[in-house]
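Since the structure comes first, as structure tokens, the remarks are kept for the end.
The values are calculated or read from the model by the stated rules, or taken from the named source; none is laboratory data. All values reported here derive from a predicted model rather than from experimental measurement. Note: ideal-geometry Cβ built from the backbone for every residue, glycine included; neighbour counts use all protein chains shown. To get the accessible areas, we keep the full protein, side chains included, count just its heavy atoms, and leave off ligands, DNA and RNA. Shrake-Rupley method; radii C 1.70, N 1.55, O 1.52, S 1.80 Å.
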Amino acid sequence: MTLVLDSAAQDLLFREARTANTFSDEPVTEEQVQAIYDLIKYGPTAFNQTPMRVVLVRSAEARERLVQHMAEGNRPKTAAAPLVAILAADNEFHEELPQLLPHFPQAKDMFFAERPVREQSAQINAALQAGYFIVGVRAAGLAAGPMTGFDFAGVQKEFLDGDHTPLMVVNIGKPGDDAALPRSPRLAYDDVVTTV
């Protein structure tokens, strides 16, 4: 065994974890979401930036508005999931850098004064945080169903603003019956890793 994480935790987070397409009726509590965030907030990002923003879609009215922007195949599962989260990148994340990077507060203006630079950094680092979020959902004993099949402009207009770019929509809950498709193949180590 070359990994410190025990086999059961490896299964929970990766080997046995699956993208869920159906969910049980068991609700996802605010306390569970808080615990997920309190765990994943420690994942590394460039300059300790925290550009990911999470919009929890809990009300029936908001869910209906979101479902209208989902791709046809994603609508039923988004309508039925116990909780849905919109993950977005805050393109004005740099305003928080003096607080998040107190030993280097000038990074805010030195590296992120221009909007195109901020947008690129926000996109990359919020996507990294979104990966942590999905693993955090699994760590809570829940399943995640991340999706990018939706009208990005529509979701931005409906739920965000011009400073926030949607990344993905994630259905969250306990898996239901036949929740996952058969596992698809993965590339082997030698197909991915080279040494120079």
Subject >> Karplus 3J(HN,Hα) series, Hz, for region 49-61 with 6.51 cos²θ - 1.76 cosθ + 1.60 (x for Gly, Pro) >> reply: 5, 10, x, 5, 10, 10, 10, 7, 9, 10, 6, 4, 5
Subject >> Sequence of MET147, MET110 from largest to smallest accessible area, 1.4 Å probe >> reply: MET110, MET147
Original post:
Taking N as the number of residues in region 7-50, what value does Rg over Cα atoms divided by 2.2 N^0.38 Å take?
Top reply: 1.51
**OP:** List, in order, the whole-Hz ³J(HN,Hα) value for each residue of region 67-84 obtained from phi through the Karplus relation with A = 6.51, B = -1.76, C = 1.60 and θ = phi - 60°; use x for Gly and Pro.
**Re:** 4, 4, 9, 7, 4, 3, x, 9, 5, x, 6, 6, 5, 9, 5, x, 8, 10
Original post:
Ignoring ligands and nucleic acids, what accessible area does THR194 show with a 1.4 Å probe (Å², nearest 10)?
Top reply: 120 Å²
Original post:
Residue-wise, which Karplus ³J(HN,Hα) couplings in Hz belong to region 170-181, taking 6.51 cos²θ - 1.76 cosθ + 1.60, θ = phi - 60°, and x for glycine or proline?
Top reply: 10, 7, 9, x, 6, x, x, 5, 6, 5, 10, 6
Subject >> Rounded percent of accessible protein surface that carbon and sulfur make up, the chain, 1.4 Å probe >> reply: 57 percent
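Below 8 Å, C-alpha to C-alpha, sequence gap of six or more: please give me the relative contact order for region 19-171 in percent. It would help to have the intermediate numbers written out before the result.
Working: 224 pairs, mean separation 55.1, N = 153.
About 36 percent, as a whole number.
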**OP:** Return, ordered by residue number, the residues of region 28-60 whose backbone nitrogen is under 17 Å from a label point located 7 Å along Cα→Cβ of ILE124.
**Re:** 44-52
Original post:
Once amide H atoms are built 1.01 Å from N in the peptide plane, which residues 5 or more positions from LEU167, or in another chain, come under 5 Å H to H?
Top reply: LEU87, ALA88, ALA89
Original post:
Per the Debye formula with a single identical scatterer at each Cα and no solvent contribution, what log10 I(q)/I(0) holds for region 146-196 at q = 0.14, 0.15, 0.16 Å⁻¹?
Top reply: -0.69, -0.73, -0.77
**OP:** Using a 1.4 Å probe and ignoring any ligands, DNA or RNA, find the accessible area of GLU95 and quote it in Å² to the nearest 10.
**Re:** 110 Å²
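Quick one: of LYS77/LYS157; LYS41/LYS157; LYS41/LYS108, which pairs are farther than 24 Å apart, Cα to Cα? Walk me through the numbers on the way to the answer.
Values: LYS77/LYS157 22 Å; LYS41/LYS157 27 Å; LYS41/LYS108 20 Å.
With Cα atoms farther than 24 Å apart: LYS41/LYS157.
What order do ASP38, ASP191 take when sorted by accessible area (1.4 Å probe), most exposed first? Can you show the working numbers first?
Values: ASP38 60, ASP191 105 Å².
Sorted by accessible area, descending: ASP191, ASP38.
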**OP:** On the full set of protein chains, 1.4 Å probe, figure out the accessible area of HIS69 and give it in Å² to the nearest 10.
**Re:** 40 Å²
**OP:** Please compute P(r) over all alpha-carbon pairs of region 1-134, binned at 5 Å starting from zero, and give each bin as a whole-number percent.
**Re:** 2, 9, 14, 16, 17, 15, 12, 10, 5, 1
**OP:** Please find the FRET efficiency linking ASP161 to LEU13, where r is the Cβ-Cβ separation and R0 is fixed at 41 Å, and quote it to the nearest 0.05.
**Re:** 0.75
Original post:
Plugging the Kirkwood radius over Cα pairs into Stokes-Einstein for region 53-103, at a temperature of 37 °C and a viscosity of 0.692 mPa s, what D comes out in µm²/s?
Top reply: 253 µm²/s
Original post:
For the chain, modelled as a Gaussian network with Cα springs under 10 Å, which listed residue fluctuates most, ALA153, ALA85, ALA143?
Top reply: ALA153
**OP:** Consider just the alpha-carbon atoms of region 108-196 and return their Rg together with their Dmax, both in angstrom.
**Re:** 17.4, 52
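Report, please, the projected area of region 68-150 averaged over directions, based on the convex hull of its C-alpha atoms, in nm². Don't jump to the answer; show the numbers that get you there.
Details: hull surface 28.3 nm².
So the Cα hull casts an average projection of 7.1 nm².
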Subject >> Residues with amide H under 5 Å from that of PHE23, placed H, sequence gap 5 or more >> reply: GLY176
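Might you tell me the accessible area per residue for region 1-127, computed with a 1.4 Å probe and given in Å²? Walk me through the numbers on the way to the answer.
Details: 7290 Å² over 127 residues.
Result: 57 Å² per residue.
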Original post:
Relative to a virtual label point 7 Å from the Cα of ALA79 in the Cα→beta-carbon direction, which members of region 39-64 show backbone nitrogen distances below 15 Å?
Top reply: 60-64
